[in-house]
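The values are calculated or read from the model by the stated rules, or taken from the named source; none is laboratory data. Predicted, not measured: the structure shown is a model, and the values here were computed from it. Positions of Cβ are generated from backbone atoms using ideal geometry, with glycine treated the same way; all protein chains shown enter the neighbour counts. With ligands, DNA and RNA removed, areas are computed over all heavy atoms of the protein, side chains included. Shrake-Rupley method; radii C 1.70, N 1.55, O 1.52, S 1.80 Å.
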Amino acid sequence: MTDWINIKAGSSAYQYIQEQGLKADDIGLLLGASGGPKWFVLQGLDKWMFGEFFKDKKAPLNTLGTSAGAWRFAALGQQDPVAASDLFCRLYRTQTYSAKPDRNEITSEAKALLAKYVPDQAVTEILGQSAVRHHFIVARCRGWTAAETKKQMLGLLSSAFANSMNRRWLGRFYERVIFHHPQSDLSFAKGWNDLPTHHVELTQNNFQQALLATGSIPLVLDGVVDIPGAPKGIYRDGGVTDYHFDLDFSDVNGLVLYPHFHKEAIPGWFDKRLSWRRTTGKKWPGVVFITPSEDFIQSLPYGKIPDRTDFAKLDAATRIDYWEKAVDAGKRMADQLQDWVATGKIREKTKLWLP
């Protein structure tokens, strides 16, 4: 039988799975990465996790997301998380724009999608429950990176160069801001000091703005100005600082479950072309990393996972059909993981993540 998913785990997570298998109560943190429409292949996994796997979990579930990852997880805590997840998937999948959309048009579309997916009542539901504790990472801009003029490009180029020399130098241009559920104690994030980092409580007044900000791609969408409760400034995509994460998760109480669409974890947005800068299993002993197999990817139309370039390369009807097929294909990943968890086969299918 074809394996549609690959699973590798850090040293302690691997040992735990060999002894105990994998159960919802084992999971202390759920991770969701930036990556635009790449997440469509994970939609089947999301629906299974949100509707079945975590349904009877006893301890609170922490989530940590940037950009699309944070948007995916905003379904959790709503009255019907599976229906909310389906809604987000449909709204995102069927987005259409004019022939040459500008930043204003794309920003307006994002705001309209957000209003339908996470209306005020949904925010009330999310903040009024404690079974799921959300955490969004947003980048607060410094210097020219905060501009909405041509200076922003100069700021991006300068920050990319600085990052290529030393990732810590990215802190001269961006600050990491973690917006968190009011009942979160942020215990798993206390040691994150690689970049200047602020913690801001999520409220009814800032939830939607924080979620919009974490997906506000530089040059593509407007930045979000002066989010209530946070330091004043311009806020942009959390993937700038934490694209696929390179953070220390050793303080998480439990395993870290990370369904991802890429075989590698790229620390920050500017690291995509820096092939030597990748997160390793040595730094993530408690992480369970689940990704599409090469057979799964080759089974997709065009033999690739959806991405933002599809907006430019495909006409709207072709793109929407392709993305729908990618979502449907992702159900195979979910069915397989569900089977491996239920039967204990996950023990033999999980590989040790060697640094």
### Message
Anything in region 328-344 that is more than 21 Å from Arg90 (Cα to Cα) and either of a type in the set (A, V, I, L, M) or open to solvent by 80 Å² or more (accessible area, probe 1.4 Å) (or both)? List them, or say none.
### Response
Leu337, Val341, Ala342, Thr343
### Summary
The residue that is most open to solvent (accessible area, probe 1.4 Å), considering only those in region 307-327 that are over 19 Å from Arg90 (Cβ atoms) and in a helix (DSSP H, G or I), is Lys313
### Query
Arg72 passes all but one of (1) buried (at least 23 other Cβ atoms within 10 Å of the Cβ); (2) in contact with a Pro (Cβ under 8 Å, 6 or more places away or on another chain); (3) not in a loop (DSSP other than H, G, I, E, B); which number fails?
(2)
### Query
Which is open to solvent by 30 Å² or more (accessible area, probe 1.4 Å) and not charged (D, E, K, R), of Thr94, Thr145?
Thr94
### Task
State yes or no: is Lys38 in contact (Cβ under 8 Å) with a residue 12 or more places away in the chain, in a loop (DSSP other than H, G, I, E, B) and among the basic types (Lys, Arg)?
no
### Task
Could you tell me whether any residue of region 231-241 is surrounded by 16 or more Cβ atoms within 10 Å (Cβ to Cβ), among the acidic types (Asp, Glu) and in contact with a Ser or Thr (Cβ under 6 Å, 6 or more places away or on another chain)?
yes
## Note on the structure
With criteria (1) over 15 Å from Val288 (Cβ atoms); (2) within 20 Å of the chain's Cα centre (by Cα), Arg332 comes up short on (2)
### Task
Taking Val288 as meeting all but one of (1) in a helix (DSSP H, G or I); (2) among the β-branched types (Val, Ile, Thr); (3) under 20 Å from the mean Cα position of the chain (by Cα), write down the number of the exception.
(1)
### Message
Please pick out the residue among Ser164, Ser130, Ser159 that is assigned to a loop (DSSP other than H, G, I, E, B) and either touching a strand residue (DSSP E or B) at 6+ places or on another chain (Cβ under 9 Å) or in contact (Cβ under 8 Å) with a residue 60 or more places away in the chain (or both).
### Response
Ser130
### Query
When you scan region 262-282, how many residues do you find that are open to solvent by 10 Å² or more (accessible area, probe 1.4 Å), outside any helix (DSSP H, G or I) and touching a residue at least 60 places away in the same chain (Cβ under 8 Å)?
6
#### Entry: Ala112 farther than 23 Å from Trp48 by Cα, open to solvent by 20 Å² or more (accessible area, probe 1.4 Å) and in a helix (DSSP H, G or I)
yes
### Query
Does Ala83 qualify as being under 17 Å from Arg308 (Cβ atoms) and either surrounded by fewer than 24 Cβ atoms within 10 Å (Cβ to Cβ) or without any contact (Cβ under 8 Å) to a residue 60 or more places away in the chain (or both)?
no
### Query
With respect to the numbered conditions (1) touching a residue at least 24 places away in the same chain (Cβ under 8 Å); (2) part of a helix (DSSP H, G or I); (3) touching a helix residue (DSSP H, G or I) at 6+ places or on another chain (Cβ under 9 Å), which one is the sole condition not fulfilled by Asp295?
(3)
#### Entry: Out of Arg168, Arg172, Arg176, sole residue that is in contact with a Ser or Thr (Cβ under 9 Å, 6 or more places away or on another chain) and open to solvent by 40 Å² or more (accessible area, probe 1.4 Å)
Arg172
### Query
Scanning region 51-69 for residues that are farther than 27 Å from Ala139 by Cα and not in a loop (DSSP other than H, G, I, E, B), which turns out most open to solvent (accessible area, probe 1.4 Å)?
Glu52
### Query
Looking at (1) polar (S, T, N, Q); (2) touching a Leu at 6+ places or on another chain (Cβ under 9 Å); (3) more than 15 Å from Phe289 (Cβ to Cβ), can you tell me which one Ser12 breaks?
(3)
### Summary
Reported set for region 225-250 where residues are in contact (Cβ under 8 Å) with a residue 24 or more places away in the chain, assigned to a strand (DSSP E or B) and more than 16 Å from the chain's Cα centre (by Cα) is Ile234, Tyr235
### Query
If you check Gln121 against the conditions, is it of a type in the set (S, T, N, Q), in a loop (DSSP other than H, G, I, E, B) and either farther than 26 Å from Arg319 by Cα or open to solvent by 40 Å² or more (accessible area, probe 1.4 Å) (or both)?
no
#### Entry: Cβ pairs under 6 Å, 6+ apart, first in region 329-348 and under 14 Å from Val41 (Cα atoms) and free of Cβ contacts under 8 Å to residues at least 12 places away in the same chain, second open to solvent by less than 70 Å² (accessible area, probe 1.4 Å) and assigned to a helix (DSSP H, G or I)
none
